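K.L.:
Would you mind keeping the following structure in view while I ask a few things?
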Amino acid sequence: MIERQKKILQLLNVSGPRLHRLLTRLIRREDVVGDLLQELFIRLWNSKTFDKAENSFAYAYRAAINLAYEWRRQQKTTSQPLQENCPVSKDSSSALGRMIQAEELERVLDATSKLSELARDVVVMRYIEQDSYEEIAERLGKKPQYMRSVCAKALAQLREILTNDE
Amino acid sequence: MPEIDEREIKRRFEVISQYEPSHEVVVRDLERTRESLIQQMSGQRLRWQKMWRIIMKNRIFKVAAAAVVIAAVVLVLDIVYEPDLVSGAFADVVRPLLAVEAGSFKMTIDVSIVDLDWINYGDEPVQTIDVVFAGPGRTHWDTPTGEVLVANMQEGKVMILLPTKKEAVVMQVGPPGVIPVHNRFNKLLALRPLIEYALETENESVEFLGEREIEGVTVIGYYMTGPEHHGDIAIWADSETKLPVRIEQSMGTQTVVISEISFNVELDELLFSVQPPDGYSAPASEEDKEPEFVVNGTVTDAVTGQPIEGAKVTDDGYGSEPYQGAVTDSEGKYSYLTWPEKHRIKAEAPGYKPQRKGITGLFHVENEDEKVIDFALEPE
């Protein structure tokens with residue numbers, strides 16, 4: 001039990017900032033990201049599959065993506081408009097520009113939630129966290145070429161979803 | 001229907017990927033996560049809550065705990081001070097406070113004028129507690145009436161000794177070896193964030209108070225204005241040795257004085273033992289006592305003012321389920337028993353937005369035995 005405690009506290013110490021950043025980018029609400037980070041680590045603590053994971057960071061990383069999209073789904077039902085808690089753009093100087101840009105970013109994140117779980121995770125890792133295909137492949141236990149192919153298909157799918165939505 | 005090409009999608013992702021949360025927010029959220037995780041791990045948050053119940057039953061512990069809590073602020077600074085690297089006259093005075101690892105002091109709390117609504121002091125005007133500490137995780141309190149509190153986070157335990165009853169309450173409040181970020185028992189160490197804040201903002205927040213005499217010793221003083229809501233502090237140090245001899249913190253009408261400070265003295269390890277002494281026994285089920293604090297009230301429709309029957313009112317407390325709670329009757333009334341402690345209470349009913357109200361203030365409800373909380377729920 002003590003080993004397990006150390007493992008999860010170490011994960012928080014070492015990877016906490018990265019997971020926090022990931023959650024912030026995906027939910028775009030700095031005011032609630034702290035609650036989600038707590039929820040993530042409590043879930044990991046209570047998870048039996050976490051113990052079996054070979055790479056605890058990779059497991060936590062995917063759990064964070066899941067949690068963020070779960071939160072986004074819940075928010076959809078209450079239709080919370082995007083807050084200005086996260087600066088979104090360098091060139092969106094006007095209020096209107098910022099609103100439009102915020103809406104665009106929300107749409108692309110919402111569209112991502114419609115992908116398969118694997119495609120969604122790969123897109124988040126590649127384009128939001130800007131990981132290399134090699135890193136993604138290692139994290140997911142797949143081959144880099146396959147990740148590249150999943151990403152290409154996901155982009156095409158996103159284009160279709162967004163075109164139909166907008 | 002506008003065509004969105006892949007370049008546009010990548011551009012949007014790139015905008016998202018540029019966002020970096022502020023350092024302050026990250027540190028704050030990591031600390032909170034760490035604390036809640038540790039509480040969960042130690043089986044869990046309920047244990048801290050139970051310990052607080054015991055502390056709150058003892059007036060002097062209650063006052064002392066409040067005094068430390070006042071100081072135990074969470075300040076997030078970009079700079080972590082290395083005590084040996086800070087320089088300047090004020091820095092010379094506070095350096096020992098940043099560097100001290102073991103020592104002792106007296107903590108005197110004057111609460112003669114009470115106006116803080118979150119704390120109910122009762123009628124004790126001045127209390128002095130002897131405090132001994134070794135490292136951030138081990139603290140020993142002695143009260144004038146003989147009660148003892150030992151917090152030993154290296155073992156993850158807190159022990160309270162009540163000599164009149166010969167009772168010892170020992171609680172595992174955290175995993176061994178994990179020192180909580182927030183210092184709950186050591187006022188001197190809890191002041192460190194404020195001192196670091198003062199060093200960071202010395203030009204605006206520190207004022208030289210000149211010289212005076214304290215118990216025949218010439219001392220020099222500095223006045224530190226803390227960040228909003230964190231109180232102001234005067235530090236008096238021996239003018240020759242520059243060692244602090246007295247620290248006064250005022251917040252609202254409360255004053256806490258730290259005096260007779262000894263730095264890095266040798267201490268008896270037994271002071272931090274959480275093994276009950278011979279002759280002491282555990283109180284009968286004290287920590288698992290049944291709830292006896294009454295929460296009651298009425299739940300109504302916010303629009304019509306009509307009572308809502310069947311609304312569920314529960315407290316989320318700090319513990320694990322099942323939570324205490326009740327269902328409203330045909331007049332919208334509810335009543336249930338819970339523990340006298342800080343918690344939020346949630347009212348919910350089908351077709352209405354849930355509403356939460358809090359019994360706020362960890363120390364506030366102890367001397368009451370009933371709280372009326374009414375809810376007016378907005379239709380969905």
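K.L.:
Sort the following peptides by mean Cβ neighbour count (other Cβ atoms within 10 Å, averaged over residues), highest first: B:193-200, B:274-281. Mind dumping the intermediate values first?
P.N.:
Details: B:193-200: 21.0, B:274-281: 12.8.
Going by the mean number of other Cβ atoms within 10 Å, highest first, we get B:193-200, B:274-281.
K.L.:
What average count of beta carbons from other chains do you get within 10 Å of the Cβ of residues in A:145-157?
P.N.:
Working: counts 0, 0, 0, 0, 0, 0, 0, 1, 0, 1, 5, 2, 0.
Mean shielding count: 1.
K.L.:
Please sort B:7-15, B:154-162 by packing, taking for each peptide the average over its residues of neighbouring beta carbons within 10 angstrom, highest first. All intermediate terms of the calculation are to be shown ahead of the outcome.
P.N.:
Numbers: B:7-15: 17.4, B:154-162: 21.4.
In decreasing order of mean packing, B:7-15, B:154-162 become B:154-162, B:7-15.
K.L.:
OK, next. Per residue of A:106-113, how many C-beta atoms from partner chains lie within 10 Å of its own C-beta, taken as a mean? Numbers along the way, then the final one.
P.N.:
On the way: counts 2, 3, 9, 3, 0, 3, 2, 0.
Average per residue, whole number: 3.
K.L.:
Then there's this: Given labels modelled 7 Å from the Cα in the Cβ direction, how far is it in nm from B:K165 to B:E292?
P.N.:
Placing both labels 7 Å along Cα→Cβ, they lie 1.1 nm apart.
K.L.:
Testing the spin-label approximation: label points 7 Å from Cα along Cα→Cβ at A:R4 and B:R28. State their distance in nm.
P.N.:
Placing both labels 7 Å along Cα→Cβ, they lie 3.3 nm apart.
K.L.:
A further question on this structure: Label points 7 Å out from Cα along the Cβ direction at A:E138 and B:T201: separation in nm?
P.N.:
Going from the A:E138 label point to the B:T201 one covers 4.4 nm.
K.L.:
How would you order A:142-154, B:238-250 from highest to lowest mean count of nearby Cβ atoms within 10 Å?
P.N.:
Values: A:142-154: 15.9, B:238-250: 17.8.
Ranked by mean Cβ neighbours within 10 Å, highest first: B:238-250, A:142-154.
K.L.:
On to the next question. Check B:T255: other-chain or 5+ apart residues with amide H under 5 Å from its amide H, H built from backbone geometry?
P.N.:
So B:T255 has HN proximity to B:D110.
K.L.:
Multiply the residue separation of B:S335 and B:E260 by 0.36 nm, subtract the distance between their alpha-carbon atoms, and state the gained length in nm to one decimal.
P.N.:
Numbers: separation 75, 0.36 × 75 = 27.00 nm, distance 5.00 nm.
Length gained, B:S335 through B:E260: 22.0 nm.
K.L.:
Sticking with this one: Counting only residues 5 or more places away or on other chains, whose amide H sits under 5 Å from the amide H of B:D232 once H atoms are built in the peptide plane?
P.N.:
The list, which skips near neighbours in sequence, is B:G226, B:S250.
K.L.:
Evaluate peptide B:25-35: per residue, the Cβ atoms of other protein chains within 10 Å of its Cβ; return the mean as an integer. Let's see the in-between values first.
P.N.:
Numbers: counts 7, 10, 3, 1, 12, 9, 2, 4, 13, 7, 1.
What the average comes to for B:25-35 is 6.
K.L.:
When N is the residue count of region A:92-166, what does its C-alpha Rg come to as a fraction of 2.2 N^0.38 Å? Write down the numbers at each step before the final one.
P.N.:
Values: Rg = 14.1 Å, N = 75, 2.2 N^0.38 = 11.3 Å.
Ratio of Rg to 2.2 N^0.38 Å for region A:92-166: 1.24.
K.L.:
Tell me which residues come under 5 Å, amide H to amide H, from A:D131 once H is placed; ignore anything under 5 positions away on its chain.
P.N.:
Distant-sequence amide H within range of A:D131: A:R126.
None of the figures in this text is laboratory data; all of them are computed from the coordinates on show. Because the structure is a prediction, the values reported are computed rather than measured. Positions of Cβ are generated from backbone atoms using ideal geometry, with glycine treated the same way; all protein chains shown enter the neighbour counts.
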